[in-house]
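Trainee: Here you go, one structure.
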């Protein structure tokens, strides 16, 4: 045994926070809306959630084995991806399509770009968009209480009336995890309280979207319409759980606000002028692509980097 | 409530309860005393004694090697045994004067000053300079240089850094409780130099007894006030402290004097008092010897130059064999190979930990969570700077303000992926600064 003591660069102590703990918090934050989804859509939703998570975790494990990388599934990030992907699928999706989605999310979007922390696009949303193109019919087949229903957004597009109360609670058609604004907000508040996410991205996203819709949707100041737009689709889930994905959003504080604004504008654009009633997924992954540019123009000013004159005056 | 602070920062485990309630105990050196000639920022001191010379406590053994330098005094009587390179706390070999302790502790006579207020500006600064006072909180910047800004009339704040924000350290805390009159006396001497300044004692609010005691003592001092600061690391960082007290922000290219401030730590201000009022040079200081490996953690007043091993002995030795020993605090201190290292003017603490938690760490991929950004007191993006550092991208490093880093370690502390961010940034900063010097 060496009689020398350990040496290393300072600091010599660390906080208790770990990556897997953060991921666990995100999973807990997603529980309310997951449970509501299962309640709303039945056992099929539960099966889809489990299958998608299993597919993601297994994909990561197998990929790491094949390329001889260190095992990383214990960081729980694959579980988060799987859960998020499942929450973005219609409850009626055939299970094998969900499995393919999981493989695409983990292998194509995440691992091929270097694994956790290196992907430039949200894996769950990347996979969802892939499925939307590959299995267009199944991915838009929304069923609730065994009758086929349009999502509130699609219904509004067709000029039908929608019930905003149903949307807040979540008794509507949609993907497994997007229907209940209240359940999503409960989880989001938990994440905010635990310091996992902050309001910069969700708030700037939602506010920008509201402003955009007021100006360009052609409905003007219609409170019902705006509420329905906010709660009737994937916006809440997207704003609080997917746009806030650390890896694919800017790290600079001002960049996060700008990123939220981009998401808001694109969502408004797609929903108002696009071919589809929904637009959150595409808005977020397109904004993901802008992140390097956003960071470049939002390098924070360091402490004390003020104009010399102001510093001399001792400006507060 | 209502304590002032800065943006960012972290809350590490404080660990102060270990030594907080232990009164300062004086320790006499038993073995040789070693005086590295560089224990301050600036030119090394030049020895004025030769091997074989007899020295007394309080005798000058090395003189300042320039304006930005500081003399060194013997802290015990004995014979100069050698002048040779010795290992110091930061790991370097530094030329040092070694004095064999004769155990007699014979001391030179000091001339106290009866009326400090009669002293001129030059006389005070000269006394501080001659006494070898340097920043004893850890930086070691010669104090007489700090006290000689270009435009003394523009200095508006003399800030006593009583934050002691490093976990585990309690030496300043004990000094404030046990020697408050010396702290305030020192502050008054500094205020004498700066007619337009007021003195502020910035104390973290985890030391309410100090706040209360000092508030009581300065209530009739119109020019001195106590400022409660939030307990948060690095509250005692110079730039963070200035901001908390005055609302003024300085960057790496500015000096505190540019914001009308001079900041000195508790031990330094007490040394100024000793130098000017009592005529005594810097020969001893208080340090905390603590950590879960130490049997009786405490605060000790000892002769500078004493071997760390003797201080561990004074603290009852090891309760359990430590895995890591740190000169200074856990956030910015230096880990040492062994105990056979001399204490210097800047030794604020020896922290002995039974477990080196850093050794157990396996860094994983950065998930871009931004916790380092929230924690950084300089509002930098540490994860990005560390990446630029690891890849040697010096231009990007500078563009993202890497040179503003104060090396507080908050980023590494909070990183959930356990990355050694501060280490990468510090290394890169050194390289960039070295390249700039070459130009």
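Just so you know, all these numbers are worked out from the coordinates, no wet-lab data involved. Remember, it's a predicted structure, so these values are computed and weren't measured experimentally. All Cβ positions, glycine included, derive from the backbone under ideal geometry; neighbour counts span all protein chains shown.
Trainee: Please report how far the C-alpha centroid of region B:1-27 lies from that of region B:313-378, rounded to the nearest whole angstrom.
Mentor: Computed from Cα coordinates, the inter-centre distance equals 16 Å.
Trainee: Relative contact order of region A:19-296: what whole-number percent is it, with Cα pairs under 8 angstrom and at least 6 residues apart?
Mentor: Values: 463 pairs, mean separation 54.2, N = 278.
Once normalised by length, the contact order is 19 percent.
Trainee: Where a ≥ b ≥ c are the square roots of the eigenvalues of the C-alpha gyration tensor, would you call region A:19-296 rounded, which needs a/c under 1.5, or, failing that, prolate if a/b is larger than b/c, or oblate? If you can, show how the numbers build up before the last one.
Mentor: Numbers: a/c = 1.67, a/b = 1.24, b/c = 1.34.
Here region A:19-296 falls in the oblate category.
Trainee: Using the 10 angstrom Cβ neighbour count as an exposure proxy, how do B:33, A:89, A:185 rank, fewest first?
Mentor: Working: B:33 29, A:89 26, A:185 16.
Ordered by Cβ neighbours within 10 Å, fewest first: A:185, A:89, B:33.
Trainee: If you don't mind, another one. What does the C-alpha gyration tensor say about the overall shape of the protein assembly as shown? Classify as rounded when a/c is under 1.5, otherwise prolate if a/b is larger than b/c, or oblate.
Mentor: Values: a/c = 2.89, a/b = 2.21, b/c = 1.31.
Note, shape of the protein assembly as shown comes out prolate.
Trainee: OK, next. Among A:56, A:263, A:129, which one shows the biggest mean-square fluctuation in a GNM of chain A, springs joining Cα atoms closer than 10 Å?
Mentor: The residue with the greatest mean-square fluctuation here is A:129.
Trainee: A follow-up question, please. If the elastic network links every pair of Cα atoms under 10 Å, which of B:359, B:386, B:76 fluctuates the most in the Gaussian network model of chain B?
Mentor: Maximum among the listed residues: B:359.
Trainee: Right, here's the next one. Can you give the mean number of other chain Cβ atoms that lie within 10 Å of the Cβ atoms in peptide B:360-368? Intermediate values should be presented prior to the final figure.
Mentor: Working: counts 1, 2, 1, 0, 10, 10, 7, 11, 11.
Average neighbour count from other chains, rounded to a whole number: 6.
Trainee: Which of the peptides B:154-163, B:363-372, A:11-20, A:75-84 is most tightly packed, and how do the rest follow, judged by the mean count of other Cβ atoms within 10 Å per residue? Please list the in-between numbers first.
Mentor: On the way: B:154-163: 24.3, B:363-372: 21.7, A:11-20: 19.9, A:75-84: 26.2.
Put in order of decreasing packing, that is A:75-84, B:154-163, B:363-372, A:11-20.
Trainee: Now for a different question. From the square roots a ≥ b ≥ c of the eigenvalues of the alpha-carbon gyration tensor of chain B, which class results: rounded (a/c under 1.5), prolate (a/b over b/c), or oblate? Mind dumping the intermediate values first?
Mentor: Working: a/c = 1.44, a/b = 1.19, b/c = 1.20.
The shape class here is rounded.
Trainee: Another one. Tell me the mean residue ellipticity at 222 nm calculated for chain A from its helices only (DSSP H runs of n ≥ 4, each -39500 (n - 2.57), averaged over every residue, nearest 500).
Mentor: Theoretical 222 nm ellipticity from helices: -18000 deg cm²/dmol.
Trainee: Applying a 10 Å radius around every beta-carbon, put B:377-384, A:222-229, B:110-117 in order of their mean neighbour count, most first. Before the final figure, lay out the partial values.
Mentor: Details: B:377-384: 25.6, A:222-229: 17.4, B:110-117: 11.2.
The packing order, highest mean first, is B:377-384, A:222-229, B:110-117.
Trainee: Please sort B:206-212, A:264-270, B:411-417, B:396-402 by packing, taking for each peptide the average over its residues of neighbouring beta carbons within 10 angstrom, highest first. Display every interim value, and only then the final one.
Mentor: On the way: B:206-212: 18.0, A:264-270: 22.6, B:411-417: 26.9, B:396-402: 19.7.
By packing density, highest mean first, the sequence is B:411-417, A:264-270, B:396-402, B:206-212.
Trainee: May I ask for the distance between the Cα centers of region B:41-110 and region A:227-255, given as a whole number of Å?
Mentor: What the calculation gives is 64 Å, centre to centre.
Trainee: Nearest 5 is fine: what % of DSSP beta bridges in the protein assembly as shown come out antiparallel, could you say?
Mentor: Values: 38 of 63 bridges.
If we restrict to bridges inside the protein assembly as shown, about 60 percent are antiparallel.
Trainee: To continue, here is another question. Let me confirm one metric for peptide B:349-357, namely the mean number of other chain beta-carbon atoms within 10 Å of its residues' beta-carbons. Can you show the working numbers first?
Mentor: Details: counts 0, 0, 2, 1, 4, 0, 1, 5, 3.
Rounded to a whole number, the mean comes out at 2.
Trainee: Just tell me how shielded A:291-301 is by partners: mean number of partner chain Cβ atoms within 10 Å of each residue's Cβ, no decimals.
Mentor: Numbers: counts 1, 0, 0, 0, 3, 1, 0, 1, 7, 8, 5.
For peptide A:291-301, the averaged partner shielding equals 2.
Trainee: Right, next: Please state the relative contact order of chain B as a whole percent: Cα pairs under 8 Å, 6+ residues apart? Please report the intermediate quantities before stating the final value.
Mentor: Values: 1034 pairs, mean separation 84.7, N = 439.
So the answer I get is 19 percent.
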